[in-house]
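Enquirer: Below is the structure I would like to discuss, written out as structure tokens.
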Amino acid sequence: MDLQKQYNNSQDLKRDYYLFSPSLYGRIFVLVDFSNVRHWAKSFWPKENKDRIKKEIDIKKLAGVINWINPQEKRFYYGYWKKNSELSKDHEINIKHRNSWFRIDKAVKNGFIPRSKEIKEIPAFDDSGKFTGYSPKCNFDVEITLDAITQMPKYDTLFLWTGDSDFDELLRYLKSKGKKIVTICSRDFASNELENNSTLFIPADPLKNFLEFIPYKTDTPGLRREV
């Protein structure tokens, strides 16, 4: 069959090449574990992000890519840093606070339903029991699992953006209930458990040019417009 006849436009061709044809997957429900997804930038652009994330994934472009498959709904999971009013606005903690809420707000403006909570700092210890500092913690395993299960009547396919192996049992359960599972992750962050228990696994790396954030000339220190 001629490609021109098979596809209505180049957008459909691009969608089916990089993602999948939604006609094969029914109603699609999208969950984005953005704390995990954001770190894919280290895999996409290793040179620029060698020490820390400097080149970012653009949330607006992320929403655009997801919209290629016309989902029923798309949800966004990401934590925020608490503001410290006793510190200056340019203190690292308050910069993190503004940046985290900027990302959440950007997600809302681009059609995501957000789920958020405060990032906690948990005491860390070495093997001898010596205190080594604090480690940030804010995973959404419970929230994502609850949403995936309680919203089952709304979808035929779960499209999960994460590489977290903790969702292995969730995927097994959903498949036992007749749901299709599509997972997407960069190769460096993908878990074998998710890949093996998915109806379809998509490497995210070929999408990096569609997801790259390009800074504005007006960006200012203290509130990086990375997404």
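Enquirer: Taking I93, is it in contact (Cβ under 8 Å) with a residue 12 or more places away in the chain, in a helix (DSSP H, G or I) and crowded, with 16+ Cβ neighbours inside 10 Å?
Expert: Numbers: in contact (Cβ under 8 Å) with a residue 12 or more places away in the chain: yes; in a helix (DSSP H, G or I): yes; crowded, with 16+ Cβ neighbours inside 10 Å: no.
In short, no.
Enquirer: Also, quick follow-up: Examine the stretch 99-122 for a residue that is at pLDDT below 80 and either farther than 17 Å from Y80 by Cα or not in a strand (DSSP E or B) (or both), and state whether such a residue exists.
Expert: no
Enquirer: Let me ask something additional. So which pairs qualify, if the first residue must be in the stretch 206-227 and more than 16 Å from A41 (Cα to Cα), the second must be part of a strand (DSSP E or B) and at pLDDT below 50, the Cβ gap must be under 6 Å, and the two must be at least 6 apart or on different chains?
Expert: Between residues of the stretch 206-227 that are more than 16 Å from A41 (Cα to Cα) and residues that are part of a strand (DSSP E or B) and at pLDDT below 50, there is no close pair.
Enquirer: Next question. Mind telling me which of the residues N9, N70, N94 ends up being out of contact with any His (no Cβ under 6 Å at 6 or more places or on another chain) and either modelled with pLDDT of 95 or more or of a type in the set (V, I, T) (or both)?
Expert: Residue meeting the stated conditions: N70.
Enquirer: Please determine, by comparing only the residues of the stretch 35-82 that are of a type in the set (K, R) and touching a residue at least 12 places away in the same chain (Cβ under 8 Å), which one is farthest from F213 (Cα to Cα).
Expert: By that ranking, first place goes to K82.
Enquirer: Restricting attention to the stretch 106-127, which residues are farther than 21 Å from F29 by Cα and either free of Cβ contacts under 8 Å to residues at least 24 places away in the same chain or touching a helix residue (DSSP H, G or I) at 6+ places or on another chain (Cβ under 7 Å) (or both)?
Expert: Of all residues in the stretch 106-127, those farther than 21 Å from F29 by Cα come to 117-127.
Matches in the stretch 106-127: K120, E121, I122, P123, A124, F125, D126, D127.
Enquirer: Evaluate the stretch 143-157: report whether one residue or more is touching a Cys at 6+ places or on another chain (Cβ under 8 Å) and not basic (K, R).
Expert: no
Enquirer: Restrict the check to the stretch 55-66 and report whether at least one residue is of a type outside the set (A, V, I, L, M) and at pLDDT below 95. Step through it out loud before you land on a result.
Expert: First, the residues of the stretch 55-66 that are of a type outside the set (A, V, I, L, M): 55-56, 58, 60-61, 64.
Of the ones still in play, those that are also at pLDDT below 95 are 55-56.
For the stretch 55-66, residues of a type outside the set (A, V, I, L, M) and at pLDDT below 95: present.
Enquirer: Please specify each residue of the stretch 69-99 satisfying the condition of being among the polar types (S, T, N, Q) and farther than 18 Å from E121 by Cα.
Expert: The answer is N70, Q72, S88.
Enquirer: Now for a different question. With respect to I149, is the statement that it is at pLDDT 95 or above and under 13 Å from N36 (Cα atoms) true?
Expert: Details: at pLDDT 95 or above: yes; under 13 Å from N36 (Cα atoms): no.
Considered against the rule, which asks whether it is at pLDDT 95 or above and under 13 Å from N36 (Cα atoms), I149 comes out as no.
Enquirer: Based on what the data block shows, is S85 within 21 Å of E195 (Cα to Cα), of a type in the set (G, A, S) and loosely packed, with under 15 Cβ neighbours inside 10 Å? Show your work before the answer.
Expert: On the way: within 21 Å of E195 (Cα to Cα): no; of a type in the set (G, A, S): yes; loosely packed, with under 15 Cβ neighbours inside 10 Å: yes.
Considered against the rule, which asks whether it is within 21 Å of E195 (Cα to Cα), of a type in the set (G, A, S) and loosely packed, with under 15 Cβ neighbours inside 10 Å, S85 comes out as no.
The values are calculated or read from the model by the stated rules, or taken from the named source; none is laboratory data. Remember, it's a predicted structure, so these values are computed and weren't measured experimentally. A quick note on method: Cβ atoms are made from the backbone with ideal geometry, for glycine too, and the neighbour counts reach across all protein chains shown.
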